[in-house]
Amino acid sequence: MSEDLDFVIPVTTNCSRSERSHHAAGIKKHLTAIKGYEPWLRIGQTLQGANQGRQYLGSISYASVVQGTEDTIKIEVGLREPLITPPETGSARTALLDPVSGDDLVARVPTRCISQAEAFAEKIRAALTRREVAIRDFYDVDYGIMRLGLDPTTPYMVDLIRHKIAIPGNDPVNVSGPRMSSLHGQLKTRLQPILRQKDFDDFDLARATNTIFEIAKTIAEE
């Protein structure tokens, strides 16, 4: 689950701020010109650098035919670390289905993306180290295990998670009681409003937090 469109430009961890700015110039150019590609899209916020150029944040807006209101798509471009695994070609799809056939209403679009294993490792890193704990990270990890059959305990995944956490700039692993307890208050305010009822009912926060506890123990072992 994501609150925005995430893009990654792989860079070395010691990449300078000016080098990151140079790498981001191309995507800034494309975002500025987006109205020329799709007239119904508008620039909400031009891409602006943050965190010493390790992130570029912006947004585009559009008139929603479903809600009848102006909606926003947040854009985040990360330039903070190299990729560990080769990128893959995935398939971007819409959640909108044809009411008669049940097929995708909009054709899927081939999209270059990071590998599933690396994306899963990054989600686990977020659940373990994000400064302000977010329940969406725990939902994503639980979804990956329960629905996609991903296993964070394999030697390969444990090494990948350790590698991700060791990258400079991450906060320390934190699975303290107060951090985990604060997730309960996010269930109805941050998770339920953005999930279908069945998906919300299928989520078990206790199971998810226990998984994160176990992963923290595993990666701490030599």
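Read-outs: derived from the displayed coordinates by stated rules, not from any lab. In this text, all values refer to a predicted model and were calculated from it rather than measured experimentally. Please note: Cβ atoms are built from the backbone with ideal geometry, for glycine as well, and neighbour counts cover all protein chains shown.
Summary table below
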{"read-out": "Dipole of the chain, positive end: most advanced residue of I219, F200, I75 [Cβ charges, Cα centre]", "value": "I75"}
{"read-out": "Whole-Hz ³J(HN,Hα) from phi, Karplus 6.51 cos²θ - 1.76 cosθ + 1.60, for region 108-122, glycine and proline x", "value": "5, 10, x, 9, 6, 8, 6, 5, 4, 4, 5, 4, 5, 4, 5"}
{"read-out": "Cβ-placed point charges (K, R +1; D, E -1), dipole of the chain about Cα centre in debye, nearest 20", "value": "700 debye"}
{"read-out": "Residue-averaged 222 nm ellipticity for the chain, from DSSP H runs of 4+ at -39500 (n - 2.57), nearest 500", "value": "-11500 deg cm²/dmol"}
{"read-out": "Listed pairs K29/K123; K123/K198; K29/K198; K74/K198 exceeding 31 Å between Cα atoms", "value": "K29/K198"}
{"read-out": "Extreme residue, positive dipole direction of the chain, given options Q45, I124, V173 (C-beta unit charges)", "value": "Q45"}
{"read-out": "Whole-Hz ³J(HN,Hα) from phi, Karplus 6.51 cos²θ - 1.76 cosθ + 1.60, for region 80-87, glycine and proline x", "value": "10, 6, x, 7, 8, 10, x, x"}
{"read-out": "Check: region 117-220 dipole with +1 on Lys, Arg Cβ and -1 on Asp, Glu Cβ, in debye", "value": "260 debye"}
{"read-out": "Overall form of region 5-82 per C-alpha gyration tensor (a/c, 1.5; a/b vs b/c)", "value": "prolate"}
{"read-out": "Karplus-derived 3J(HN,Hα), 6.51/-1.76/1.60, for each residue of region 28-41, Hz, glycine and proline x", "value": "4, 5, 5, 5, 4, 8, 5, 5, x, 7, 9, x, 7, 9"}
{"read-out": "Under 5 Å, built H, 5+ apart or other chain: amide partners of L150", "value": "I145"}
{"read-out": "Spin-label model distance (nm) - T72 vs L105, 7 Å beyond Cα toward Cβ", "value": "2.4 nm"}
{"read-out": "C-alpha center-to-center spacing [region 88-116, region 189-222] in angstrom", "value": "25 Å"}
